[in-house]
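**Student:** Structure provided below as structure tokens; questions to follow.
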Amino acid sequence: MKNTWKERVKESWLINFFKKRTKDSEPAPRESQNVFLERTIENWLMSVNELTYQFSFYQILLSEGYEIIYNSKHNAFEQGKDIVAKKGGNVFAYQLKGGDISNSVWRGGVKAECEELVEYPIINPAISRNTRHKSFLVTNGEIEDTVRLAIDSLNSDKWKENPLNTITKGQLLSRLIKISNDFTPKSPTDYRDFLDLYLTDGQGSLDIPKYTKFISEILQIDNEDVYREERKRNIATASIYTGYIISSFEKYNNHVATIQTLTVLSSYIFALVEKFNLKEKYWLGSYVVIRDKIKEASGMLETEIVDGGFDKMINSIFDGEIGSYRRSLAVSYLLTYKISQILDDDKDCLDIFTVKYFKSITGSLLAWGESALYAFILFFILSIKHEDNSDSYFFLESALKSLIDNNGRQGISGLFSPYFKIDDVIMNNLGLLEEPIEESFVGGSYLIKSIISLLVRHQKKELVSKYWREITYISQLSFKPSKAWQNFIWHCKEGGNTSVFPKQTQSWAELMKEEESWDNKNVPKLLQKYYSFLPYYLLVFPHRINDDNIRFLEDKTLGKK
Amino acid sequence: MIIDFQAAKSKLNIFIDAYLRSKIKEKAPFLASLKHSQIKEGDKSYYETEQRINKEIKLQSASGDFSITNAEIKTITLEEILIKVDAVADSMARQMEGGLFKETFEAIEKVGNIIAGNPKLSSEAILQGLEKVQVNFIDDDRSKPHNHTIVAHPNAIRQLLEEGKNQTQEEKLDFERRREVILDKKYEEYMEREGKRKLVD
């Protein structure tokens, strides 16, 4: 599929670069780079709708010192207000629109929404009922003169006490450029990384190593000498750049990649918070909007699947082969969303939940690697939450059996370790890698201990006993970073890999005792506090799945302790 | 600058890397035959013994280098580079396989699995060796022992094959009979070992 918008971006950079160089006839790489960046931002702004730029607008407000009171999820209760913010004792309400506002657009609905924006008071516990707010109509397009005249007329009459202000493309662009310039890529490589990420195909996965390298630069994770206020701005800047990057995915409604990207961003913010002991006032606002965006994308994925997305997704003759991976990955994201909703006490978590429905879609789960078994664990926890019966253990036993068959003593090459992404596995299994993966995963597993632990917690002695002999042939693998903050980094240089063979003769009582005496001291503190993020974190960082995290996730989901 | 073809150079870098690894495999066949896994992150590796003691796995590095003079660099061909890479592969293979044998030998010596007198490789030595090692059986089937691999100097293997050729039918049957007796014993040991792999109250 040809991406003409991407071509336009490239073209516009080239034109501007050329203009700049010929005009000044002096080499000016730094300025030229800024022109590139500005054009990229402009192009991005022109190509997105209000749902997409709302995320970035929110981050602009945060970086400008506003306190966000409300961020709408575009439901009927907005009362014309997408975002409500406070600054210096003043309250501001924003209605966001996409594209040019012509007379017909104004009359077709925007006017009515602006009436609600201006005239309806803000109902929010954080704002006293009679507080006056300043109203803003924001668009990434232009407002036609006739509409401006209409607004002026209303402002001098009906809205005299609370006139409607406007923010259009130019103002939005200059504010975006200002904050984006807070991070000027230091080297051409940084620029290339950003452009590669921004101009990605949009239909596949995020290039996580490239993204994490880029985002680490913006967040200055390795720089100890940064003021906390600057850290706050860096987080907002990283979020804005991420907004540019995910727009490629959003263009295709590629919700999985959007969630993946925002989860990595959240994790890196946690790394920063943990490393520099940042108070919530420096980062929570940004994190909350990222979390909401993850939920929004998850909700859209759910709608797509429920509306027959698996039937509609076929776009190539190769989907007979690759489709099973696509479905499996999508289901694992859906299961993650459901668990996260339960953790958030979100009543919508029950909207599509019936064990029968989930059984029908979990038929799509494919054990393509150890990472894929995480979805089996999630399904187990979900079904236990809703209907504790013997069927719940089917998926857990399937996961254990899959590990024994593949990674046990009879295995041939083993299930791919959690360090391998689904993309690599597909390419390898289809013989498309220039250098096939020759590692053997037989004899070890990163997930087996978590699965055994769940079975022991639920007193499935018979099941554990049935497989114990084969379990003893599989070494339990784990990785522990040297420092707590490194848990949130994609791959860390420092830390220890451990391999433990289970005891050949194992006492059940001892296993039970281990479970009973377990506490959550090894679960990163931030994940304990912001636990609804945990299912996403483990989904996107499957190499961080361990028995401690899984126990904690189960306890929280089932409402224990 | 003069126009350059960086994409081709990048591909060549990847090619050289793959070539080096394939050559190391070729020159260290025993090492290449073993299952291996990569450490993806961290700087340390540990294992826990059956007695639950944590021990660090000492990682060893293998390296090699080659040099190209300023004069050479202008004219050196890919073929000539590959000859230099071959030498590096040779050196690294020696380091890696040498390290493996050294570690293995130390472990064998520690548990006393050494045949006294350092006898030459022969049918007799094979039986003596079989007596000392642990044998597993596929599907718990007595008729399917996991056979071992002999790693030896080519001359020793030639001598062993020669011995086999010169054996009488009776000597061959005797070897087989003695081997079966040892395997019977090994099977018993195996079943006893396997019987311990269980969950108890």
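**Student:** Could you list, in sequence order, all residues of the stretch A:203-230 that are over 30 Å from A:Leu329 (Cα atoms) and not aliphatic (A, V, I, L, M)?
**Tutor:** Within the stretch A:203-230, A:Gln220, A:Asp222, A:Asn223, A:Glu224, A:Asp225, A:Tyr227, A:Arg228, A:Glu229, A:Glu230 qualify.
**Student:** Give the residue that is nearest to A:Ile342 (Cα to Cα), with candidates limited to residues of the stretch A:517-532 that are among the charged types (D, E, K, R) and assigned to a helix (DSSP H, G or I).
**Tutor:** A:Lys529
**Student:** So which residues in the stretch B:64-86 are under 21 Å from the mean Cα position of the chain (by Cα) and not in a loop (DSSP other than H, G, I, E, B), if there are any at all?
**Tutor:** If the condition is that a residue be under 21 Å from the mean Cα position of the chain (by Cα) and not in a loop (DSSP other than H, G, I, E, B), then B:Asp86 is the only one that fits.
**Student:** Answer yes or no: is there a residue in the stretch A:495-507 that is surrounded by fewer than 18 Cβ atoms within 10 Å (Cβ to Cβ), among the hydrophobic types (A, V, I, L, M, F, W, C) and in contact with a helix residue (DSSP H, G or I) (Cβ under 9 Å, 6 or more places away or on another chain).
**Tutor:** no
**Student:** Of these, A:Asp157, A:Asp152, which one is surrounded by fewer than 19 Cβ atoms within 10 Å (Cβ to Cβ), in a helix (DSSP H, G or I), of a type in the set (Asp, Glu) and more than 28 Å from the chain's Cα centre (by Cα)?
**Tutor:** Among A:Asp157, A:Asp152, only A:Asp152 is surrounded by fewer than 19 Cβ atoms within 10 Å (Cβ to Cβ), in a helix (DSSP H, G or I), of a type in the set (Asp, Glu) and more than 28 Å from the chain's Cα centre (by Cα).
**Student:** Same structure, new question: Restricted to the stretch B:15-24, and to residues that are surrounded by 15 or more Cβ atoms within 10 Å (Cβ to Cβ) and either in a strand (DSSP E or B) or charged (D, E, K, R) (or both), which residue is nearest to the other protein chains (Cβ to nearest Cβ)?
**Tutor:** Looking at residues that are surrounded by 15 or more Cβ atoms within 10 Å (Cβ to Cβ) and either in a strand (DSSP E or B) or charged (D, E, K, R) (or both), I get B:Arg21.
**Student:** Can you work out which of the residues in the stretch A:389-408 that are in contact with a helix residue (DSSP H, G or I) (Cβ under 7 Å, 6 or more places away or on another chain) and within 14 Å of another protein chain (Cβ to nearest Cβ) is farthest from A:Gln459 (Cα to Cα)?
**Tutor:** Ranking the candidates gives A:Gly408 first.
**Student:** On the given criteria, is A:Gln486 part of a helix (DSSP H, G or I) and out of contact with any Gly (no Cβ under 9 Å at 6 or more places or on another chain)?
**Tutor:** Spelling it out, it is not the case that A:Gln486 is part of a helix (DSSP H, G or I) and out of contact with any Gly (no Cβ under 9 Å at 6 or more places or on another chain).
**Student:** Let me ask you something else. Among the listed residues A:Pro436, A:Pro418, which satisfies the condition of being at pLDDT 95 or above and either within 14 Å of chain B (Cβ to nearest Cβ) or outside any helix (DSSP H, G or I) (or both)?
**Tutor:** One residue alone meets the criteria, A:Pro418.
**Student:** Hey, any hits in the stretch A:416-425 for a residue that's in contact with an Asp or Glu (Cβ under 9 Å, 6 or more places away or on another chain), aliphatic (A, V, I, L, M) and either touching a residue at least 60 places away in the same chain (Cβ under 8 Å) or in the same structural domain as A:Gln476 (by TED's automatic domain parsing) (or both)?
**Tutor:** Taking every residue of the stretch A:416-425 in turn, none turns out to be in contact with an Asp or Glu (Cβ under 9 Å, 6 or more places away or on another chain), aliphatic (A, V, I, L, M) and either touching a residue at least 60 places away in the same chain (Cβ under 8 Å) or in the same structural domain as A:Gln476 (by TED's automatic domain parsing) (or both).
**Student:** Okay, moving on. Among the listed residues A:Gln476, A:Gln459, identify the single one that is more than 7 Å from every other protein chain (Cβ to nearest Cβ), in contact with a helix residue (DSSP H, G or I) (Cβ under 8 Å, 6 or more places away or on another chain) and either over 16 Å from A:Ala399 (Cβ atoms) or surrounded by fewer than 17 Cβ atoms within 10 Å (Cβ to Cβ) (or both).
**Tutor:** That would be A:Gln459, the only listed residue that is more than 7 Å from every other protein chain (Cβ to nearest Cβ), in contact with a helix residue (DSSP H, G or I) (Cβ under 8 Å, 6 or more places away or on another chain) and either over 16 Å from A:Ala399 (Cβ atoms) or surrounded by fewer than 17 Cβ atoms within 10 Å (Cβ to Cβ) (or both).
**Student:** Suppose the filter is more than 7 Å from every other protein chain (Cβ to nearest Cβ) and of a type in the set (Lys, Arg); does A:Lys493 pass it?
**Tutor:** No, not satisfied.
**Student:** Related question: Restrict the check to the stretch B:178-195 and report whether at least one residue is assigned to a loop (DSSP other than H, G, I, E, B), within 14 Å of chain A (Cβ to nearest Cβ) and touching a strand residue (DSSP E or B) at 6+ places or on another chain (Cβ under 9 Å).
**Tutor:** No, the stretch B:178-195 contains no residue that is assigned to a loop (DSSP other than H, G, I, E, B), within 14 Å of chain A (Cβ to nearest Cβ) and touching a strand residue (DSSP E or B) at 6+ places or on another chain (Cβ under 9 Å).
**Student:** Limited to the stretch A:497-516, what total is found for residues that are more than 7 Å from chain B (Cβ to nearest Cβ) and not in a loop (DSSP other than H, G, I, E, B)?
**Tutor:** Adding up the residues that qualify gives 7.
**Student:** One residue is enough: does the stretch B:144-167 have a residue meeting the conditions within 14 Å of another protein chain (Cβ to nearest Cβ), assigned to a loop (DSSP other than H, G, I, E, B) and under 30 Å from A:Gln459 (Cα atoms)?
**Tutor:** No - not one qualifying residue is present in the stretch B:144-167.
**Student:** If we keep just the residues of the stretch B:32-63 that are outside any loop (DSSP other than H, G, I, E, B), within 23 Å of A:Glu438 (Cβ to Cβ) and without any contact (Cβ under 8 Å) to a residue 12 or more places away in the chain, which is farthest from the other protein chains (Cβ to nearest Cβ)?
**Tutor:** Selected residue: B:Ala32.
**Student:** Of the residues that make up the stretch A:174-196, is at least one over 35 Å from the mean Cα position of the chain (by Cα) and in a loop (DSSP other than H, G, I, E, B)?
**Tutor:** No, the stretch A:174-196 has no match at all.
**Student:** Here is a list: A:Arg192, A:Arg233. Which entry is surrounded by fewer than 17 Cβ atoms within 10 Å (Cβ to Cβ) and either among the polar types (S, T, N, Q) or modelled with pLDDT under 90 (or both)?
**Tutor:** After ruling out the rest, the residue left standing is A:Arg192.
**Student:** Please go through (1) at pLDDT 85 or above; (2) away from chain A (no Cβ under 14 Å) for B:Ile2 and return the number of the only condition it doesn't satisfy.
**Tutor:** (1)
**Student:** With under 18 Å from the mean Cα position of the chain (by Cα) and either of a type outside the set (A, V, I, L, M) or assigned to a loop (DSSP other than H, G, I, E, B) (or both) as the only criterion, which of B:Gly117, B:Gly129 stands out?
**Tutor:** Answer to the selection: B:Gly129.
**Student:** List every residue pair whose Cβ atoms lie under 6 Å apart, where the two residues are 6 or more positions apart in sequence or sit on different chains, the first residue falls within the stretch A:437-461 and is of a type in the set (D, E, K, R), and the second residue, located anywhere, is outside any loop (DSSP other than H, G, I, E, B) and surrounded by fewer than 21 Cβ atoms within 10 Å (Cβ to Cβ).
**Tutor:** Once the first residue is of a type in the set (D, E, K, R) and sits in the stretch A:437-461, its partners that are outside any loop (DSSP other than H, G, I, E, B) and surrounded by fewer than 21 Cβ atoms within 10 Å (Cβ to Cβ) give A:Arg457/A:Glu515; A:Lys461/A:Trp508.
**Student:** Search the stretch A:257-268 for residues that are free of Cβ contacts under 8 Å to residues at least 60 places away in the same chain and pair each with any residue that is outside any helix (DSSP H, G or I) when their beta-carbon atoms are under 6 Å apart and the residues are at least 6 apart or on different chains.
**Tutor:** What qualifies is A:Ala257/A:Ser205; A:Ala257/A:Leu206; A:Thr261/A:Leu206.
**Student:** When you scan the stretch A:279-297, do you find a residue that is among the polar types (S, T, N, Q) and free of Cβ contacts under 8 Å to residues at least 60 places away in the same chain, even just one?
**Tutor:** There is no residue in the stretch A:279-297 that is among the polar types (S, T, N, Q) and free of Cβ contacts under 8 Å to residues at least 60 places away in the same chain.
The values are calculated or read from the model by the stated rules, or taken from the named source; none is laboratory data. None of these values were measured; they are calculated from a predicted model. Ideal geometry is used to build each Cβ from the backbone, glycine not excepted, and the neighbour counts take in all protein chains shown.
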